[in-house]
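A.B. asks: Submitted below is the structure of interest, expressed as structure tokens.
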Amino acid sequence: MIDKIIKIDDIEGKVYELENWKPSNANQVKKYFTEKANEIKQDYQKLLNDFNINKIIFDSKMNFKPIIGKTYHLYENKTGQKFMSLISPSEWKKNEDLFFLGSYKQDTNQKWIEVNS
């Protein structure tokens, strides 16, 4: 049975016992995995946000077939119904019954992405 695990440094040709190597690098490895976990968490949160926006848009009323790459505007009326429109907020007459939710366009995968105006 192996009592010790060794690590061979191919560049310098040095041999290290793992027990001697571990304490000095444990914090670096822990930091790496912590950062990776946070990165995955952020990616997951972005995925959930993208999913929720797409669900809202696909569930909204749309009286046209969207063209990929063209900007559309999401509104909610006073009854809570959401709908997509070609008309931008600046083109609407002042209307207290409409609430602008955002501008979006579809990418080549037909996923809706927010357009910052």
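A.B. asks: Among THR71, GLN110, ASN95, whose Cα sits farthest toward the positive end of the charge dipole of segment 62-117 (+1 at Cβ of Lys/Arg, -1 at Cβ of Asp/Glu, about the Cα centre)?
C.D. replies: Working it through, the farthest residue towards the positive pole turns out to be GLN110.
A.B. asks: Something else: Between LYS82 and GLU35, what FRET efficiency follows from the Cβ-Cβ distance if R0 is 22 Å, with the result rounded to 0.05?
C.D. replies: About 0.05, to the nearest 0.05.
A.B. asks: What are the ³J(HN,Hα) values, in whole Hz, obtained from phi via the Karplus relation 6.51 cos²θ - 1.76 cosθ + 1.60 with θ = phi - 60°, for each residue of segment 34-50 in sequence order, with x given for Gly and Pro?
C.D. replies: Each residue's phi maps through the Karplus curve to give 5, 5, 5, 4, 5, 4, 5, 4, 5, 4, 5, 4, 5, 4, 4, 4, 4 Hz.
A.B. asks: Going by how many other Cβ atoms sit within 10 Å of their own, how do THR34, THR71 line up, fewest first?
C.D. replies: With the sparsest Cβ surroundings first, the list reads THR34, THR71.
A.B. asks: Here's a follow-up. Could you give the length gained on full extension between GLU91 and LYS55, defined as 0.36 nm per residue of separation minus the Cα-Cα distance, in nm?
C.D. replies: Full extension of this stretch gives 10.4 nm more.
A.B. asks: Tabulate in residue order the Karplus-calculated ³J(HN,Hα) for segment 86-91, using 6.51 cos²θ - 1.76 cosθ + 1.60 with θ = phi - 60°, rounded to whole Hz; enter x for Gly and Pro.
C.D. replies: 7, 7, 6, x, 6, 8
A.B. asks: Which of the pairs LYS41/LYS111; LYS55/LYS93; LYS65/LYS94; LYS36/LYS70; LYS31/LYS105 have their Cα atoms more than 30 Å apart in this structure?
C.D. replies: LYS36/LYS70; LYS31/LYS105
Just so you know, all these numbers are worked out from the coordinates, no wet-lab data involved. For clarity, every value in this text was computed on a predicted model and none was experimentally measured. All Cβ positions, even for glycine, are placed from backbone atoms using ideal geometry, and neighbour counts span all protein chains on display.
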